[in-house]
Each structure stands twice: as structure tokens, then as C-alpha cells.
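Engineer: After the C-alpha cells below, expect a handful of questions from me.
The values are calculated or read from the model by the stated rules, or taken from the named source; none is laboratory data. All values reported here derive from a predicted model rather than from experimental measurement. We place every Cβ from the backbone using ideal geometry, glycine too, and count neighbours over all the protein chains shown.
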Amino acid sequence: MDSEEYSDSDSSVSDVFTDTDSDSDDSLDAARVWCKVDSDNLSPPPPKFPFTGTPGLKEQMYGSSPLEFFSIFMPDDIVSYIATETNRYAEDFIEKTDLTPSSRAQQWKEVGSSELRVFFAIILLQGIIRKPLQKWYWSQNPLISTPYLSSMMSEKRFSTIMRFLHFTNNNTLDLSTHPQPGLRKIYEVYEAINQKFKSAYVPEKDISVDESLMLFKGRLGFKQYLPKKRARFGIKFYQLCESSSGYIWNSIIYTGKDVPYGVRQQPIELQQTL
């Protein structure tokens, strides 16, 4: 009796799937029926969203030097904030660490905004003039020397600032309430620079959302592997760019499973967030 019930049940399920498959096949056959398209009577395209913005630079410019453009995105308040946190971190480290007499940290002196700008200038130059070792930038060997760098800052001072360079206050950091724990070491500065990119310029009508990868081979929990990118390993960004110039108006760093800014890598949600 049970076997008959199961047999009837299986038969009815089979009939349902057969009917469904048949309907699906009929729909596909109907869709495949060729019909000639009248190119003179095409449906009108959907209307474009009206563009009411005024594209262009919104910052007051008194010149066009690279330094002036750099200062738009790294103004005095951001540089001063980095200097404050760098000094705070250095002082806390020296106070809590049993340093040897020969330690460079023993000779630490506070860094100011002007000196920090020189430090950033050297980092930018190192991106243009590539050398395999940092100390080679201060080499006296005439074959590889870059004497201008030595006149800007000593190698010892540069290395010491690099060691203590800091972008957040560790003493007030609370991971349980932090909006982006994965970015806790750079969050305040990154957000401030991001806001500068948005306030300094209004993009044109045509924009695009792009996925970018910044090369990084160090240790990082949210380092990504994208085989189709040239860098392959690094930090993944989602960027909203102006199509004509490539200007990055907004960007999001992907930090992994915690999903930054509520983005879940769905195209619509990502575009709305950017």
C-alpha cells in the first residue's frame, strides 16, 4: 500500500515537471521565432536623467603649480592633524618602551606641519625616482646619488618620522564603536581626503564606477587577489570617476567580510553608496 502511494506521488511530481518543461520549451520556441525589425519604427530610448550640475573646479586657485593642487587635497588642517598624531604616538612609544642608549627614538624631536610637508615631498619624489633601497636616496656615490634629497632632509630624520608616522589617536580608539575597524589606522585622514576630492570638483554628466587595485605585498587582512589586474595582489578600491578625465570623485576601500559602508558588492547598492 505504501509503495503504491509513493508510486502515485512520484508519478504526479513527474507529471508536474514534465508539464513545466513543456511550457518552458514552448516559451523558448516562441521567443526564437524570427521576425523582421522595422528600423524606421524603433521604440524611443528611455529618457536620460536631467543633468543640472555645474562641472568644474570649485576651489579658488591663484596659480597652477603642483604644490597648489596638492594643497587642495592635503590642506593645512589635515597635515597639522597628522603631525599631532605622529608626535603623540612617538611620545607614547618612548614613554612606554625601554629604549637602548643608541636607539634613534632617543633623539626624537617633534615634527611640525612644514617639516611633514617636506617628508611627503620626498615620498612623492621616491615614486618618480625609483631605487631598490631607501638608503640609496642619500648615497654619496656619484653613480646613484640624488643630492637634492639630502639637502631637504637627512636620512636619519626621514627614517625616524617614517617610524612614528601616525594617523589616529590610539588612546581613544574603540573598535566596538568604530565605523570601519579595518581602516582604523587611517580612517580619519582617509575620510578627510575623500571629502576634499568631493568638495573640490564637480564631475561632468558622464561618470563611471570602477574597480581598482593598489599594489601591496605586505601583511594585511583584507588584501585581495584579482588575477585579471596587472598588480594582482593588493588593496581593492571602488571608485566613482569622471569618464572624460578619470578624476576620482569618491572612493571606497574594500576591507573584506565586514563590508565597508554597507556595500555588499551588488552593483546597485555600490553605485548608490558612491
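Engineer: Would segment 164-178 turn up any residue that is without any contact (Cβ under 8 Å) to a residue 24 or more places away in the chain, of a type in the set (A, V, I, L, M, F, W, C) and under 30 Å from Ser243 (Cα atoms)?
Structural biologist: At the first step, the residues of segment 164-178 found to be without any contact (Cβ under 8 Å) to a residue 24 or more places away in the chain are 172-178.
Narrowing the set further to residues that are of a type in the set (A, V, I, L, M, F, W, C) leaves 173, 175.
Next cut, under 30 Å from Ser243 (Cα atoms) only: none.
No - not one qualifying residue is present in segment 164-178.
Engineer: Count, please, the residues in segment 67-98 that happen to be part of a loop (DSSP other than H, G, I, E, B) and surrounded by 13 or more Cβ atoms within 10 Å (Cβ to Cβ). Step through it out loud before you land on a result.
Structural biologist: So in segment 67-98, the residues part of a loop (DSSP other than H, G, I, E, B) come out as 74-75, 97-98.
Right, trim to surrounded by 13 or more Cβ atoms within 10 Å (Cβ to Cβ) and you get 74-75.
Residues meeting the conditions: 2.
Engineer: Continuing with this model, one more query. Among (1) farther than 22 Å from Leu215 by Cα; (2) loosely packed, with under 11 Cβ neighbours inside 10 Å, which single condition is Thr146 missing?
Structural biologist: With (1) farther than 22 Å from Leu215 by Cα; (2) loosely packed, with under 11 Cβ neighbours inside 10 Å applied to Thr146, the lone miss is (2).
Engineer: If Ser65 satisfies every condition in (1) farther than 30 Å from Thr172 by Cα; (2) in contact with a Phe, Trp or Tyr (Cβ under 8 Å, 6 or more places away or on another chain); (3) among the small types (Gly, Ala, Ser) but one, which is the exception?
Structural biologist: Condition (2) is where Ser65 drops out.
Every residue, every condition in (1) closer than 21 Å to Pro66 by Cβ; (2) assigned to a loop (DSSP other than H, G, I, E, B); (3) hydroxyl-bearing (Ser, Thr, Tyr), yes or no:
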{"residue": "Arg117", "(1), (2), (3)": "yes, no, no"}
{"residue": "Pro142", "(1), (2), (3)": "no, yes, no"}
{"residue": "Ser150", "(1), (2), (3)": "no, no, yes"}
{"residue": "Gly182", "(1), (2), (3)": "no, no, no"}
{"residue": "Gln195", "(1), (2), (3)": "no, no, no"}
{"residue": "Lys205", "(1), (2), (3)": "no, yes, no"}
{"residue": "Asp210", "(1), (2), (3)": "no, no, no"}
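Engineer: Related question: Across segment 212-230, what is the number of residues that are surrounded by 14 or more Cβ atoms within 10 Å (Cβ to Cβ) and either in contact with a helix residue (DSSP H, G or I) (Cβ under 8 Å, 6 or more places away or on another chain) or under 29 Å from Phe51 (Cα atoms) (or both)?
Structural biologist: Of the residues in that region, 2 qualify.
Engineer: Here's a follow-up. Counting only residues that are touching a Pro at 6+ places or on another chain (Cβ under 9 Å) and more than 21 Å from Gln224 (Cβ to Cβ), which one in segment 193-211 is surrounded by the most Cβ atoms within 10 Å (Cβ to Cβ)?
Structural biologist: In the first step, residues of segment 193-211 are kept if they are touching a Pro at 6+ places or on another chain (Cβ under 9 Å); the result is 196, 201-205, 209.
From the residues that got through so far, the ones that are more than 21 Å from Gln224 (Cβ to Cβ) too are 196, 201-205.
Values: Lys196: 16, Tyr201: 18, Val202: 15, Pro203: 20, Glu204: 14, Lys205: 14.
Filtering segment 193-211 for residues that are touching a Pro at 6+ places or on another chain (Cβ under 9 Å) and more than 21 Å from Gln224 (Cβ to Cβ), the one surrounded by the most Cβ atoms within 10 Å (Cβ to Cβ) comes out as Pro203.
Engineer: Could you look through segment 131-143, keep only residues that are surrounded by 13 or more Cβ atoms within 10 Å (Cβ to Cβ) and not polar (S, T, N, Q), and pick out the one that is farthest from Arg88 (Cα to Cα)?
Structural biologist: Going through the qualifying residues, I end up with Trp136.
Engineer: Against the conditions (1) in contact (Cβ under 8 Å) with a residue 24 or more places away in the chain; (2) over 26 Å from the mean Cα position of the chain (by Cα), where does Ser103 fall short? Just the number, please.
Structural biologist: (1)
Engineer: Another question, then. Out of contact with any Asp or Glu (no Cβ under 7 Å at 6 or more places or on another chain), assigned to a helix (DSSP H, G or I) and at pLDDT 80 or above, is that true of Phe17?
Structural biologist: Details: out of contact with any Asp or Glu (no Cβ under 7 Å at 6 or more places or on another chain): yes; assigned to a helix (DSSP H, G or I): yes; at pLDDT 80 or above: no.
No, not satisfied.
Engineer: Which one is surrounded by the fewest Cβ atoms within 10 Å (Cβ to Cβ), of the residues in segment 30-66 that are of a type in the set (Asp, Glu) and assigned to a loop (DSSP other than H, G, I, E, B)? Write out each step before concluding.
Structural biologist: Start the filter on segment 30-66 by keeping residues that are of a type in the set (Asp, Glu), which leaves 38, 40, 59.
Next cut, assigned to a loop (DSSP other than H, G, I, E, B) only: 38, 59.
Values: Asp38: 7, Glu59: 14.
Per the criteria, the residue is Asp38.
Engineer: Among (1) in a helix (DSSP H, G or I); (2) at pLDDT 80 or above, there is one condition Asp10 misses while meeting the rest; what is its number?
Structural biologist: Asp10 satisfies every listed condition except (2).
Engineer: Output the residues belonging to segment 161-177 that are modelled with pLDDT of 95 or more, assigned to a helix (DSSP H, G or I) and either exposed (fewer than 14 other Cβ atoms within 10 Å of the Cβ) or touching a Phe, Trp or Tyr at 6+ places or on another chain (Cβ under 6 Å) (or both).
Structural biologist: Ile161, Met162, Phe164 - these are the residues of segment 161-177 that are modelled with pLDDT of 95 or more, assigned to a helix (DSSP H, G or I) and either exposed (fewer than 14 other Cβ atoms within 10 Å of the Cβ) or touching a Phe, Trp or Tyr at 6+ places or on another chain (Cβ under 6 Å) (or both).
Engineer: For segment 235-274, give me each residue that is of a type in the set (Lys, Arg) and either modelled with pLDDT under 65 or part of a strand (DSSP E or B) (or both). If you could, list the steps in order and put the result at the bottom.
Structural biologist: Restricting attention to segment 235-274, the residues satisfying the condition of being of a type in the set (Lys, Arg) are 236, 257, 264.
Listed by number, the residues that qualify are Lys236, Arg264.
Engineer: Here is a follow-up. Kindly indicate whether any position in segment 106-116 is of a type outside the set (Gly, Ala, Ser), surrounded by 13 or more Cβ atoms within 10 Å (Cβ to Cβ) and over 30 Å from Met61 (Cβ atoms).
Structural biologist: yes
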